[in-house]
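Structure first, then comments.
The values are calculated or read from the model by the stated rules, or taken from the named source; none is laboratory data. Owing to the predicted nature of the structure, the values given are computational and were not obtained by experimental measurement. So basically every Cβ, Gly included, is an ideal-geometry build from the backbone, and we count neighbours across all protein chains shown.
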Amino acid sequence: MLQTRIEGGRELTDGVKQGTPEQPLITIITSTFNAAKDLHWTIESIRAQTYPHIQWIIADGASTDGTVEILKQNEDIIDYWFSEPDKGIYHAWNKALPYIKGEWVQFLGAGDELTDSSVYQNISVELRNYINQYDLIYGSIEIISYESRRHIERIGESWSSLKFQWQGFRPALPVHPEVFHKASIFINGHKFDEKYKIAADSKLLLEVINNDNILFIDRDVVRMPFGGVSTDISHSLLVRKELLSICQDLNISQDKFSYIWCSIKESSKYIIFKVLGQRFFCNVMDIARFLCGRRRKWTVK
């Protein structure tokens, strides 16, 4: 494993990009660790963007699978990257925050894709027009299967509707990759709470959001593969623990009905998974989705 930082990127030789009054600079932050298999999806979608004012920062956790070599090969679109051991995704993101040069910041995972080549060109209009009015602007996200990249579902709901809902053990929130954060959030001292390993992005959004500072744009932004730690049923107890702790930290009272319902649902899912195994669990989950008129998700390759 690498013990010291190595770094690279276009900024080290060509300097920092600048936005314009009409087209603000957008910073993307990506955390990687042994992501050589998935990173090309993200690289290709960023390379395809018609919008010129993009800063891409990659925080790598000392990968040993060829990820660093991929970063070196794509320095024409990666503005700054560094590779050194870290303590997880939120530690990596926090280390990247001081290098933000853009007016808006988006966090993309390795393997996430921007929906099409004009995503930033289109949304830059709202980012420009509402920079003095909103701290967070978000769009819609398309959930796709991991292997075949097939469409599963589209998620996108206005804040006027979302803010009255609960999801699991916390108030409803946008899916994090679809969110553009005003850079001043981080300049003013907000960071990801590293005591949380799965849900620190939820805590940050809950800290920042109020009813007047977030805007929904009904436009597809990201294609995100289904999966990851937060959707792994084997981590459901940790997710529950973290979300309850976050609500306690922020003095958010639990919705009692939602708490009881989600406790029953998550406990049942965990028992099915542990007793009958992953394959049976995934089939049960998709049968339930079918009965609700929704597409398969858990068994799609």
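If you go through region 73-117 and keep only what is aromatic (Phe, Trp, Tyr) and not in a strand (DSSP E or B), you end up with 90, 93, 99. Please enumerate the residues belonging to region 141-171 that are in contact with a Lys or Arg (Cβ under 7 Å, 6 or more places away or on another chain) and closer than 21 Å to residue 247 by Cα. Selection gives 169 alone.
If the condition is being under 15 Å from residue 171 (Cβ atoms) and among the hydroxyl-bearing types (Ser, Thr, Tyr), then region 228-278 contributes 245, 253, 258, 259. For the subset of region 142-164 comprising residues that are of a type outside the set (Gly, Ala, Ser) and closer than 21 Å to residue 255 by Cα, which member is farthest from the chain's Cα centre (by Cα)? Among residues in region 142-164 that are of a type outside the set (Gly, Ala, Ser) and closer than 21 Å to residue 255 by Cα, the one farthest from the chain's Cα centre (by Cα) is 164. Number of residues in region 29-56 that are part of a strand (DSSP E or B), β-branched (Val, Ile, Thr) and over 17 Å from residue 70 (Cα atoms) equals 1.
When we screen 113, 142, 157, 147 for residues that are touching a His at 6+ places or on another chain (Cβ under 7 Å) and under 27 Å from residue 299 (Cβ atoms), the only hit is 142. Contact map, region 76-102: residues that are outside the structural domain of residue 196 (by TED's automatic domain parsing) and crowded, with 18+ Cβ neighbours inside 10 Å paired with residues that are hydrophobic (A, V, I, L, M, F, W, C) and outside any helix (DSSP H, G or I), Cβ distance under 7 Å, separation 6+ or inter-chain. No pairs are found. Does residue 55 count as in the same structural domain as residue 178 (by TED's automatic domain parsing), touching a Gly at 6+ places or on another chain (Cβ under 6 Å) and surrounded by 18 or more Cβ atoms within 10 Å (Cβ to Cβ)? For residue 55, the condition - in the same structural domain as residue 178 (by TED's automatic domain parsing), touching a Gly at 6+ places or on another chain (Cβ under 6 Å) and surrounded by 18 or more Cβ atoms within 10 Å (Cβ to Cβ) - is met. Being β-branched (Val, Ile, Thr) and out of contact with any Lys or Arg (no Cβ under 8 Å at 6 or more places or on another chain) is the requirement here; does residue 198 meet it? Taking the combined requirement at face value, the residue satisfies it. Within region 128-161, restricting attention to residues that are among the aliphatic types (A, V, I, L, M) and buried (at least 18 other Cβ atoms within 10 Å of the Cβ), the residue that is farthest from residue 115 (Cα to Cα) is 136. For region 150-180, a residue qualifies if it is under 14 Å from residue 210 (Cβ atoms) and in contact with a Leu (Cβ under 6 Å, 6 or more places away or on another chain), and exactly one does: 173. Restricting region 1-35 to residues that are of a type in the set (Gly, Ala, Ser) and surrounded by 17 or more Cβ atoms within 10 Å (Cβ to Cβ), the residue that is modelled with the lowest pLDDT is 19.
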